[in-house]
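The values are calculated or read from the model by the stated rules, or taken from the named source; none is laboratory data. For clarity, every value in this text was computed on a predicted model and none was experimentally measured. Here the Cβ is made from the backbone with ideal geometry for all residues, glycine too, and neighbour counts use every protein chain on show.
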Amino acid sequence: MRGPGSDCRGPCPGHVMGLKEMRAFDVESDRVFFSDFAEPHEINGRMMDCVLMDVSENEYQRSAVGRTLGLNAKDVERTISRTWTTRMQLFVRARDWDAVCGGRPGSRFKFDLDRNRKMTVTECVDESGVYVISAEENRL
């Protein structure tokens, strides 16, 4: 009889799997999550299935530039530079990400999303074989 920690993969006769083992098996065998919700996206030039979730989009105005130049209100309006920041979460299978990007991304790791979005990782958590990547994109 095989027990926890044995070399079998997945459900075997007599094997009792824990919650983390069951979840990892479901993710690896594509029984859950990706087959239902994921869409193909291009990351660093390669296609992979992932789930994108927009968290927020904020506009930051830097009007301090105009104030330090001693400009009046109309000139300040013209010199304001605006930066748009989009924050999102990306759910991707760890093995797919590792094959394309070479391992779990650290903070400030940069990657291309769908060719036209330059993303920067702010945080990455491994949830039983699924990377939950928090990233942001800055545009002027």
Scanning for something of a type outside the set (A, V, I, L, M, F, W, C), in contact (Cβ under 8 Å) with a residue 60 or more places away in the chain, closer than 20 Å to residue 39 by Cβ and in a strand (DSSP E or B), does the stretch 95-110 turn up at least one residue?
no
Residue that is surrounded by the fewest Cβ atoms within 10 Å (Cβ to Cβ) [pool: residues in the stretch 1-53 that are charged (D, E, K, R) and at pLDDT below 70]:
7
Please determine, by comparing only the residues of the stretch 83-114 that are under 17 Å from residue 50 (Cβ atoms) and of a type in the set (S, T, N, Q), which one is surrounded by the fewest Cβ atoms within 10 Å (Cβ to Cβ).
89
Quick one: how many residues across the stretch 124-140 are surrounded by 15 or more Cβ atoms within 10 Å (Cβ to Cβ) and part of a loop (DSSP other than H, G, I, E, B)?
2
Quick count over the stretch 112-123, residues being free of Cβ contacts under 8 Å to residues at least 60 places away in the same chain and outside any strand (DSSP E or B), is 1
